Structures are given as C-alpha cells and as structure tokens.
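Read the figures in this text as sums done on the coordinates, not as results from a lab. Everything numeric here is computed off the predicted structure, so don't read it as measured data. Note that we place each Cβ from the backbone using ideal geometry, even for glycine, and neighbour counts take in every protein chain shown.
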Amino acid sequence: MNHLEDRYKSYNLDYVAGIDSRGFIFGAALADRLNIGFVPVRKKGKLPGTTVCEKYELEYGFDEVEIHLDAFPKENARVLLIDDLIATGGTANAAAKLVKHVKADLVEVCFLLNLTFLDGDKKVKEHAPVYSVLDI
C-alpha cells in the first residue's frame, strides 16, 4: 500500500474504483490513504439504485459487471481502476468501459499481479495505461 500511495499521490485523482471483490480491499485502502472517494464496480445485481452494466466473455460463458450511473458526481472525474490481478482481461476491460461510459477520465488501471502470458492487459490498454506491481 505504501508503494501504491507513493505512486498515485501526485496523479491528482478524484476516485479509486475497485473491481468486485478483491479490488475493493486494495481500492478502498488506497482511496483512504489518498483521501479521495471509492467506487465499487460490482457483479450484476448487487448494486442498489440506477446502474449501467457491461457484458464480457469468460472461458465458459458470459458475465456482467455494473456501476452506479451517478458513481462519479464530479464532472470529468479522474479515476484509477484497481484489481488484484489481471488474467485474460475480460472483467477489467468491461470495468474500464463502464468507467468511461459514465463520463469519467480513466487515468490508469492498476493490478498487483499481471499474468503476462494471457495478454489480458492488451485489451485494457485500449482504454488507459496499465500498471502492475508484479508481472509473471
């Protein structure tokens, strides 16, 4: 967490968005350290209120993630999207699309672990720069 705080304290972020569910742990802690808001990106059906969703492909079918339509009340909010790891990139890609769909500025997408042999980060790089603490 010290490393992530040092990296992002100069990014002038407004929010950290964490991907369900381990991204909540790192994202909420980082948002607290940066003294900014935290926004969850959840699996479909778990958020109350008005949401938008994005479908993505899994190895064995499809799933969906969603975010509140009004998740980022500040216009052009600067957002960091975070999760614990990226494998094939389906969930992270869908989450990145959602952040942009609700008109936020997706500054970077951060993962603690990147399984590089699966090339999931390539999908996400279409939306924003990707940073990973450890590449395997």
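One way to sum up the overall shape of region 60-123 is the equivalent ellipsoid from its Cα gyration tensor, whose semi-axes run 23, 14, 8 Å, largest first. Take the alpha-carbon centre of region 1-59, take the same for region 63-84, and report the distance between them in whole Å. Value for the Cα centre distance between the two parts: 7 Å. With θ taken as phi - 60° and the Karplus curve 6.51 cos²θ - 1.76 cosθ + 1.60 applied, the whole-hertz 3J(HN,Hα) list for region 97-106 is 4, 5, 4, 6, 4, 8, 6, 9, 8, 7 Hz, x standing for glycine and proline. A protection proxy built from the mean count of other Cβ atoms within 10 Å ranks the segments 118-126, 37-45, most packed first, as 37-45, 118-126.
Of all the options Leu30, Leu98, Leu69, the one that moves most in a Gaussian network model of the chain with Cα springs shorter than 10 angstrom is Leu69.
In order along region 70-81, the Karplus-derived 3J(HN,Hα) couplings, from 6.51 cos²θ - 1.76 cosθ + 1.60 at θ = phi - 60°, round to 9, 4, 10, x, 6, 5, 6, 4, 8, 10, 9, 9 Hz, and Gly and Pro are given as x.
Of all GluC sites (Glu not before Pro) in region 1-99, which ones are in loop regions per DSSP and have a Cβ with at most 12 other Cβ atoms within 10 Å?
Details: sites: Glu5, Glu54, Glu57, Glu59, Glu64, Glu66, Glu75; in loops: Glu59, Glu75.
Those satisfying the criteria are Glu59, Glu75.
Each residue, Tyr60 and His101, gets one label point 7 Å from its Cα in the Cβ direction; the gap between the two is 2.5 nm. Computed from the C-beta positions of Lys74 and Val133, the FRET efficiency with R₀ = 30 Å rounds to 0.65.
When only alpha carbons of region 1-117 are considered, Rg and Dmax amount to 13.4, 40 Å.
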